[in-house]
Every structure is written in C-alpha cells, then in structure tokens.
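Notes to accompany the following structure.
Computed from the coordinates by the stated procedures, all read-outs in this text should not be read as laboratory data. Not measured: the values here are computed from a predicted model. Here Cβ is always computed from backbone atoms with ideal geometry, including for glycine, and neighbour counts include all displayed protein chains.
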Amino acid sequence: MQMKKLLLLAIISGGVIFFTYCSSAKKAAAKTSVSYASDVQPIISDKCAPCHIPEKGGKVAALNTYDKVKGEIGDIIRRIELNPGDRGFMPFKHPKLSDSTINVFKQWRDGGFAQ
C-alpha cells in the first residue's frame, strides 16, 4: 500500500513538473517570435500614420525605419500605455491601443528587437 502511494506521488509530481516546463517553454517561444517586419511595422503603418511616417506627409518624430522605432521604443511604450486625455497620449486623437497591441511592442523589446 505504501509503495502505491509513493508511485502515485511520483507520477503526480512528474506530471506537474512536465506541464510547468511545457507552459514556460511555450511562453518563451511566443515571446521571441515577435519581429519588426511582421509584427511591429504593420502596427506603426496602421496606427501611427500619417503623423509619424514622412512618406505619408508626417511632420512629427519619424517612426518609418527599424532603427528609429528601436531607438524610441521606451518612449513609444510609455506613451501608448497612457490613457486618452493624459499629456503625451498616443495615438493622438484616436482610441487607446488594445493591451494585446501594446504587448507586441513589449514582446519585441523584451525578445531582443528581432528584425
């Protein structure tokens, strides 16, 4: 009877460790899969144009290249996390970006700025 309890405990412990590891691995893989070209740049083109895209007539801080966005990522995240009505809120005169959209910028930064 004691042996069955130990075996059951070992199986349960192994399952917990296995599923914890799998979950962490999936989160890490998702975190590193964000890139500028496929994820960040389309958001910039859609949500930050025309103001921040010189080719579209934008006259404020340009966010039209990888290097410019990477160099401003801290300020971009800070400003898109503000609420409408807060000084510096972006996108100016538009609704607040969704949490999932904001997280794309954070994941890109945290994942090492993949191009």
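The mean sequence separation of alpha-carbon pairs under 8 Å and at least six residues apart, normalised by the residue count of region 35-106, gives a relative contact order of 23 percent. Could you give the distance between the Cα centres of region 34-67 and region 94-112, to the whole Å? Cα centroid to Cα centroid, the span is 14 Å. Taking Lys and Arg as +1 and Asp and Glu as -1, the other residues whose beta-carbon sits under 14 Å from that of residue 37 total -1.
Using a cut-off of 19 Å between Cα atoms, the listed pairs 56/106; 59/106; 47/96; 70/93 include 56/106; 59/106; 70/93 as exceeding that distance.
Net charge of the neighbourhood of residue 89, taken over other residues with C-beta under 11 Å away and scored Lys/Arg +1, Asp/Glu -1, is +3. Within the shell defined by Cβ-Cβ distances under 15 Å, the residues around residue 61 carry a net charge of +3, with Lys and Arg each +1 and Asp and Glu each -1.
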